[in-house]
Amino acid sequence: MAVGEIFTAPVEHIASGGAGILSFQGKRIFMDLSAPGDTVTGRITLENRHWARAELVELSTASPLRAEPACPLYGICGGCSLQHLNYETQLAEKTLILRDAFTRLGGIPLPNEIPLIPSPPWEYRNRIQLHRIPNRKGGNALGFKARKSDAIIPITDCPVSDPELRAVLREASAQPPSGQDRFTLYSRGNTLVSEGSIRGKTQRRGTVILRGKEIRMDAGVFFQSNGAMLERLIDDLLSIAAEADTGLPMADLYCGVGTFAAFLGKQFPRADLVEENPEAIVLARENTRGMETRLFAQTGDLWVQGCSMDTRYGFMVADPPRQGLSPALRRALAQKGPPVLAYVSCDPATLARDSGELLAGGYRLDSLTGYDFYPQTAHIESLAVFTR
């Protein structure tokens with residue numbers, strides 16, 4: 001195949017980045033905005049030895065799994081990649097992506113069923129990031145990054161965002177902080193905070209109610225973007241932790257503002273929290289006040305080097321960024337991890353990689369559950385539970 005070549009083929013499934021997967025002349029081809037069951041005519045835009053990328057030239061036959069996108073900027077804005085699929089198909093394809101990461105990338109067999117917990121498909125997103133668009137008159141429009149580009153497109157509404165955030169976008173009442181071109185807003189319930197100002201008021205910190213408990217957060221510090229799904233995940237972690245050895249301490253790795261430890265820690269005599277962001281660890285101290293804790297404002301690697309893994313833990317929860325566990329922490333957990341380890345992941349590929357080393361170190365994968373934190377996108381959150 002060559003760049004510019006035209007071909008026609010059926011779309012089989014959705015890949016981890018949201019593109020459709022096709023097969024033509026023995027090669028896997030990835031095409032954005034295509035749906036399983038489509039027959040498409042495409043043009044090769046990038047050719048690799050084992051795979052290729054293509055752009056849609058003509059939709060020869062439309063799949064019955066398609067849906068009409070709710071956003072007029074879909075395909076232009078870079079935020080969503082699956083609005084052209086109905087929600088049931090989105091869930092089914094994400095389940096296949098999660099399974100494929102383990103079986104094909106990790107070589108790890110899985111049970112027949114992987115539950116994927118659904119979310120409200122619209123107005124679920126509590127946290128958004130806006131970019132300044134300077135203009136010649138000195139004003140500032142706001143927008144999101146464009147699809148596969150660093151360009152910023154103006155935004156006046158976003159159907160996946162929390163209703164209060166949609167109102168702020170329609171009013172154009174958010175302003176970035178001085179000297180900052182990118183800033184974050186968060187809204188849930190009665191909480192509305194921003195790194196900049198909203199309706200002329202500035203408030204970075206606030207309190208979010210999760211399962212009836214107040215959690216302190218800051219708009220400039222990472223916090224999960226789907227509060228309803230976060231509550232469901234917390235419920236499941238509480239059930240898992242209750243089956244662990246609650247007579248020993250627990251650890252919360254990559255703890256952020258300490259959300260998980262705030263709910264799980266009271267079951268254990270002590271909770272050790274590890275987080276490299278100093279602003280987050282300050283909030284974690286507030287959110288676990290009244291509990292017996294040790295806080296480590298450092299990376300997981302430094303924590304391991306400090307011999308903290310010599311402590312006998314009954315339970316650990318780890319919620320690393322997209323890169324997954326660091327190599328040193330992964331090795332330490334495989335060798336000396338607790339009897340029960342709950343691994344919260346935002347990337348199936350790195351979860352599968354880390355799972356392979358944990359299994360080789362003597363763990364068993366007890367369960368794997370997906371959580372649809374981000375409907376209309378290809379992002380997948382999941383929880384893998386390992387026992388010795």
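The values are calculated or read from the model by the stated rules, or taken from the named source; none is laboratory data. Please read these numbers as outputs of a predicted model, since none were measured by experiment. Using ideal geometry, Cβ is built from the backbone for each residue, glycine included, and neighbour counts are taken over all protein chains shown. These accessible areas exclude ligands, DNA and RNA; they are computed on the full protein's heavy atoms, side chains included. Shrake-Rupley method; radii C 1.70, N 1.55, O 1.52, S 1.80 Å.
Numbers below:
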| read-out | value |
| --- | --- |
| Close pairs (7 angstrom Cβ cut-off, 6 or more residues apart or separate chains): closer than 12 Å to ILE14 by Cβ and free of Cβ contacts under 8 Å to residues at least 60 places away in the same chain in region 73-86, open to solvent by 20 Å² or more (accessible area, probe 1.4 Å) and part of a loop (DSSP other than H, G, I, E, B) anywhere | HIS84/LEU33; HIS84/ALA67; HIS84/PRO69 |
| Region 245-271, subset closer than 21 Å to LEU210 by Cα and charged (D, E, K, R), residue nearest to the chain's Cα centre (by Cα) | ASP252 |
| Conditions (1) without any contact (Cβ under 8 Å) to a residue 24 or more places away in the chain; (2) open to solvent by 10 Å² or more (accessible area, probe 1.4 Å); (3) closer than 18 Å to GLN224 by Cβ; number of the one not met by GLU279 | (1) |
| Number of the exception - GLY362 against (1) touching a strand residue (DSSP E or B) at 6+ places or on another chain (Cβ under 8 Å); (2) at positive phi | (1) |
| Residue identified as of a type outside the set (Val, Ile, Thr) and in contact (Cβ under 8 Å) with a residue 60 or more places away in the chain among ARG232, ARG204 | ARG232 |
| Which numbered condition ARG104 fails, given (1) over 21 Å from GLY370 (Cα atoms); (2) open to solvent by 80 Å² or more (accessible area, probe 1.4 Å) | (1) |
| From ALA297, ALA242, residue being more than 27 Å from THR377 (Cα to Cα) and touching an Asp or Glu at 6+ places or on another chain (Cβ under 9 Å) | ALA297 |
| Among the residues listed as ASP354, ASP372, the single one being closer than 30 Å to CYS80 by Cα and either free of Cβ contacts under 8 Å to residues at least 40 places away in the same chain or surrounded by fewer than 20 Cβ atoms within 10 Å (Cβ to Cβ) (or both) | ASP354 |
| Subset of region 187-221 [open to solvent by less than 80 Å² (accessible area, probe 1.4 Å), of a type in the set (D, E, K, R) and farther than 10 Å from GLN175 by Cα] | ARG188, LYS213, ARG216, ASP218 |
| Positions within region 130-162 being within 21 Å of THR202 (Cα to Cα) and out of contact with any strand residue (DSSP E or B) (no Cβ under 8 Å at 6 or more places or on another chain), in sequence order | GLY139, THR156 |
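Listed here are the residues, each with its yes/no results for (1) touching a helix residue (DSSP H, G or I) at 6+ places or on another chain (Cβ under 7 Å); (2) part of a loop (DSSP other than H, G, I, E, B).
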position: HIS131; (1), (2): no, no
position: SER149; (1), (2): no, yes
position: THR156; (1), (2): yes, yes
position: LEU165; (1), (2): no, no
position: LEU169; (1), (2): no, no
position: SER178; (1), (2): no, yes
